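This report refers to the structure that appears directly beneath it.
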Number of protein chains: 2
Amino acid sequence: MTQAKDRINLKEKLALFDELWTPKLVAKVNDTDIRLSKIQGEFVWHHHDDTDELFLVLKGELLLRLPDRDVRLREGEMFVVPRGVEHKPVAEEEAHLMTIELEGQPSTGNVRNERTVESPEWI
Amino acid sequence: MTQAKDRINLKEKLALFDELWTPKLVAKVNDTDIRLSKIQGEFVWHHHDDTDELFLVLKGELLLRLPDRDVRLREGEMFVVPRGVEHKPVAEEEAHLMTIELEGQPSTGNVRNERTVESPEWI
């Protein structure tokens, strides 16, 4: 599926997948991806050279570890990690996120490992 | 205020203003604006030559009139109006929106009237 041409219901989209740390593409605004993710546990420290990354919590709680501090986000809260800034997303319980970033960015930024999603699939 | 460097709580941001049809800037992702708006009544038909526009309903209900159909969006639903496509947002009751679009775009696109916001203020 490419660009959604109809109404996008976030809860319905989130019900379509269970995989953790596997962002799915639900919309594009120009060259910008709107992605949904389910996460639990600790991700890898990484950064994105070419894009800022916005995290919006849709469900649960996200701990964003940054070089100089931790940012805790609850449902309805968001934070923009500027390009180039190291970060490590952590969630003790399963959390659901919307992320907004430049298209074509792998999920692990400058790092490649078994969790890397090079290009999210449309749902 | 320029770019938010801290947690952005959507409900707290929405409590900061009451004006209708007056988008406020709460975050930027690269060259893309994340805006919040309160609306009620009928807006003007318009289009944006240079940007897609994503509408996400945070509260209430939005009727997006398009040239060939109407799209009704409730809380947690979103829709992307592609660049160049005429649209007219309508809300019978007060509704709260997040919109995502290229920076520097006036709120009424190709139209100028008393409702035009050339550049949203940061909150």
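Every number here is computed from the coordinates shown, using simple stated rules; none is lab data. Please read these numbers as outputs of a predicted model, since none were measured by experiment. Positions of Cβ are generated from backbone atoms using ideal geometry, with glycine treated the same way; all protein chains shown enter the neighbour counts.
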How would you classify region B:14-61 from its alpha-carbon gyration tensor, with a ≥ b ≥ c the square roots of the eigenvalues: rounded for a/c under 1.5, else prolate if a/b is greater than b/c, otherwise oblate?
oblate
Given R₀ = 41 Å, FRET efficiency for B:R115-A:R72 by Cβ-Cβ distance, to 0.05?
0.60
Which value in nm describes the separation of the simple spin-label points at A:N9 and B:K88, placed 7 Å from the Cα toward the beta carbon?
2.7 nm
Other chains' Cβ within 10 Å of B:18-29 residues: what's the mean?
2
Evaluate the relative contact order of region B:1-119 (contact order divided by residue number), counting alpha-carbon pairs under 8 angstrom at least 6 apart; express in whole percent.
29 percent
In whole angstrom, how far apart do the alpha carbon centroids of region B:71-94 and region A:48-69 sit?
28 Å
Near B:Q40, within a Cβ-to-Cβ distance under 13 Å, what is the net charge of the other residues, with Lys and Arg +1 and Asp and Glu -1?
-4
Using a Cα-Cα cut-off of under 24 Å, which lysines could be cross-linked to A:K28, ignoring same-chain neighbours fewer than 8 residues away?
A:K5, A:K11, A:K13, A:K38, A:K59, B:K24, B:K28, B:K38, B:K59, B:K88
In region B:46-91, which trypsin sites (Lys or Arg not before Pro) fall in coil by DSSP and have 11 or fewer other Cβ atoms within 10 Å?
B:R69
Label 7 Å along Cα→Cβ of A:L63; region A:81-100 residues with amide nitrogen under 11 Å?
A:89-93
Ordered by fewest other Cβ atoms within 10 Å, a rough proxy for footprinting exposure, A:S37, B:S107 read B:S107, A:S37
